[in-house]
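Written out below as structure tokens is the structure these notes cover.
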Amino acid sequence: MASLALYRTSETRWEHTALIRQQYGYRDFNSQPEHWRLVRWLYQRATLSAESPSLLFDLATARLVQRRILLPGVSVLARLVASVRERAANRLFQVLCQLGVKTRYAQKLSPA
């Protein structure tokens, strides 16, 4: 366990990341336009389906691997999924309100 903590704080981790990028053609998670494409893809899925956060997380992970993008930390991807889902829910609520759906259903969907 101590060796993992040492690895996390050493320069070796960054050297390995650079080697992975160089040898296998992986790109950084925050590189554009791939990051924007992931956010847009997540937003579409969150808007058009009722997929759970864990499923969206798993699908996003698979998409990143498929597109050869270095995976971010778990909490980074989890926060991204949560923020995209929140935006999609807020947008749905706005659309319902504009359509005049101000019933108890709209109140239930209201973001806090």
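Where a number appears in this text, it was derived from the coordinates with a stated rule and is not lab data. None of the values given here were measured: they were computed from a predicted structure. A quick note on method: Cβ atoms are made from the backbone with ideal geometry, for glycine too, and the neighbour counts reach across all protein chains shown.
Computed quantities for the displayed model
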| quantity | calculated |
| --- | --- |
| Percentage relative contact order, the chain, counting C-alpha pairs under 8 Å, at least six apart | 25 |
| 5 angstrom amide H check on I69, placed H, neighbours 5+ away | R27 |
| Mean ellipticity per residue at 222 nm, deg cm²/dmol - from DSSP H runs of n ≥ 4 across the chain, formula -39500 (n - 2.57) | -23000 deg cm²/dmol |
| Stokes-Einstein D for the chain, Kirkwood Rh over Cα pairs, 25 °C, 0.890 mPa s (µm²/s) | 150 |
| Calculated FRET value between H35 and S75, using beta carbons and R₀ = 25 Å, to 0.05 | 0.95 |
| Residue-wise HN-Hα coupling along segment 81-92, computed from phi with Karplus coefficients 6.51, -1.76, 1.60 (Hz; x: Gly, Pro) | 4, 5, 5, 5, 4, 5, 4, 5, 5, 5, 5, 4 |
| Additional length obtainable on full extension of the chain from T61 to E86, 0.36 nm per residue less Cα span | 7.1 nm |
